[in-house]
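The values are calculated or read from the model by the stated rules, or taken from the named source; none is laboratory data. If you're wondering where the values come from, they're calculated on a predicted model, not measured in any experiment. Quick reminder, even Gly has a Cβ in these numbers, built from the backbone with ideal geometry, and neighbours come from all protein chains shown.
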Amino acid sequence: MTINNLLKYALMLAVGLGCGCGKSSPDPSGRAAEPRTLSVDTLIVGSTPQLPAQLTGLKFGDAQQTVEGITRGGVLKVPEYVGPFQLHFDAGGRLINVEFATSPSAVLTTIEAAWGPGIASGDITDEYRVWVDEAKKFRVVVHERGVVWGSYTPFATFLGEGAGVAALNATGGTLLKLTRDDIERNYGPLSQPAQADLAAMAAANERKVHESMLGILQERLMPWVNLPATEYSDVSTRCFINFDASGKVDHFWFEIPYAEHPRAKEQIADVAHKKWDPELAPGGSSTTILSTDPRIRMELKMEPVWQFHVQNAAIAAKAPVVRTR
């Protein structure tokens, strides 16, 4: 027997003795044994969409500082699972959803058996699926990057009744004429665009990018607050804000995506029509003026999203004329 073979044989014996022939041995240090790793499909529990058993202590809307065991970046490690959970918080530091990175195939069979087929994307891909508990306003989304658990506000509730936007009821349904301090007092700190995005905007200005594209870039670089997610998105709804020279809001806007949900394009428009102008028939132009004071404009974008712009009537009067139904 060669020296190499002797070494291999000795190593095999050492491993066999160390493992106790397949039986666990007590740790001489007295430390507790590592918890058993669970398969990803055990994240799916119950007969209706709900959080994994290990996360039932979490509540959406909880303040970030009250959630135990998370890192500054919102990462929560659960010993039973190999990968960490990523917790997402809004601008005010409130929990909005929880994400776990995995492949859709690792969980889809278990989810379908427990909760049914769910709502498939209207796109050609079947990787984006949604399961909803309407009574609890709770939703689980499976997409190409993993699983997302979160609460949501139905779009009809988000808009509410009356002239204002119910999601902004803390300030009377609008942000118009408010200062930054007014907004942050009610909705938490404003989020700001990244420095890299601002640099890209400056470069676009220098290159004299087409005016329409420049306008899109400018809108995206406004500060924003995070409003509740609707049934059409697994992330919070960004509400972008523009301040006039006096430091007061003269224009704010938000968008609702529809790409991942069948019939969402029509559903979103119908809810807006019923709220602001029940006499307005659906269909027609991609831009609709729903109200004139304040001016509320609903616009269909290529992203694909519906955008809702709210402006002071006096400011809107100076804007270029757009098509209406």
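Among strands (runs of 3 or more DSSP E) entirely within the range 210-325, having at least 2 residues that are among the acidic types (Asp, Glu) and at pLDDT 90 or above singles out 249-257. Of all the residues in the range 68-93, those that are assigned to a loop (DSSP other than H, G, I, E, B) and under 12 Å from the mean Cα position of the chain (by Cα) number 1. Tell me, which residue of the range 51-97 that is touching a residue at least 24 places away in the same chain (Cβ under 8 Å) and of a type in the set (Asp, Glu) is farthest from Val142 (Cα to Cα)? My answer is Asp62. For the range 98-121, the criterion of being more than 30 Å from Leu190 (Cβ to Cβ), among the small types (Gly, Ala, Ser), exposed (fewer than 15 other Cβ atoms within 10 Å of the Cβ) and at pLDDT below 90 is met by none of the residues.
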